[in-house]
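I have placed the structure first, in the form of structure tokens, so that the comments after it can refer back to it.
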Amino acid sequence: GAVVSQHPSRVICKSGTSVKIECRSLDFQATTMFWYRQFPKQSLMLMATSNEGSKATYEQGVEKDKFLINHASLTLSTLTVTSAHPEDSSFYICSAKGTGGSYNEQFFGPGTRLTVL
Amino acid sequence: AQSVTQLDSQVPVFEEAPVELRCNYSSSVSVYLFWYVQYPNQGLQLLLKYLSGSTLVKGINGFEAEFNKSQTSFHLRKPSVHISDTAEYFCAVSFSGGYNKLIFGAGTRLAVHP
């Protein structure tokens, strides 16, 4: 089956620093990757959609200058949280969608727990 | 606007009892429907999906769901639950066209007791 990995699985950083999270599709090419944010005991909220080689599309209310997304290849997308603050602490989950067909399932990564002190 | 409603935030049930987790959606266009399970501190695992065809969909771990277009529902069922089914369950909808963006319900916490 299709596997999506995320690195790191857990990160703790100081307020004001930047953190990069990687999302990789290990055994398929992902033309589209999605980034979600999940607060404790809440649902997933889509932050942005990234397509390989083009700029990400951000959902309403998500600061594009704070959450930088790069989809440089068909197997890698990165989310950089710039100048992180405690309110950015959350569980970040990516998903990846393959190519071809009328519909392609999204495969989810295991998530990254970000804690900003 | 499109939306997904999971009617129960928590469902407690005894082991080996049947369970139904409810999901309703709102949309004026065709939809694809999904149920995902999330264990603590993990990502999401697909249980089952409805894209087209038979309205009764069977998934992994003994779960099934039925798409009811007239009631705009996609309820998840299992005839006999196990302790290991304790987890968070999310219903999600993707609307035809576009890039298959998923909209999630708020989630239902299934707690299976011995």
Flag for A:ASP88 being over 20 Å from B:LEU46 (Cα atoms) and open to solvent by less than 60 Å² (accessible area, probe 1.4 Å): yes
Index of the failed condition, A:ALA56 passing every other in (1) over 30 Å from B:ARG109 (Cα atoms); (2) open to solvent by 30 Å² or more (accessible area, probe 1.4 Å): (2)
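Looking only at residues in region B:34-81 that are among the charged types (D, E, K, R) and loosely packed, with under 13 Cβ neighbours inside 10 Å, which one is nearest to the other protein chains (Cβ to nearest Cβ)? Lay out the reasoning, then the answer.
Quick first cut of region B:34-81, residues among the charged types (D, E, K, R) only: B:49, B:58, B:64, B:66, B:69, B:77-78.
With the extra rule that they be loosely packed, with under 13 Cβ neighbours inside 10 Å, the set shrinks to B:58, B:69.
Numbers: B:LYS58: 16, B:LYS69: 18 Å.
Only one residue tops the list, namely B:LYS58.
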Some residue of region B:20-33 being of a type in the set (Phe, Trp, Tyr), surrounded by 18 or more Cβ atoms within 10 Å (Cβ to Cβ), in contact with a Cys (Cβ under 7 Å, 6 or more places away or on another chain) and within 20 Å of B:ALA106 (Cβ to Cβ): no
Conditions (1) at pLDDT 95 or above; (2) within 14 Å of chain A (Cβ to nearest Cβ); (3) closer than 29 Å to A:SER5 by Cβ; (4) surrounded by fewer than 18 Cβ atoms within 10 Å (Cβ to Cβ): number failed by B:GLN10: (3)
Checking B:GLU20 against (1) away from every other protein chain (no Cβ under 14 Å); (2) closer than 22 Å to A:GLN42 by Cα; (3) out of contact with any His (no Cβ under 7 Å at 6 or more places or on another chain), the condition it does not meet: (3)
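The values are calculated or read from the model by the stated rules, or taken from the named source; none is laboratory data. Given the structure is predicted, the values throughout are model-derived calculations rather than measurements. All Cβ positions, even for glycine, are placed from backbone atoms using ideal geometry, and neighbour counts span all protein chains on display. Accessible surface is based on the protein model in full, side chains and every heavy atom, while ligands, DNA and RNA are left aside. Shrake-Rupley method; radii C 1.70, N 1.55, O 1.52, S 1.80 Å.
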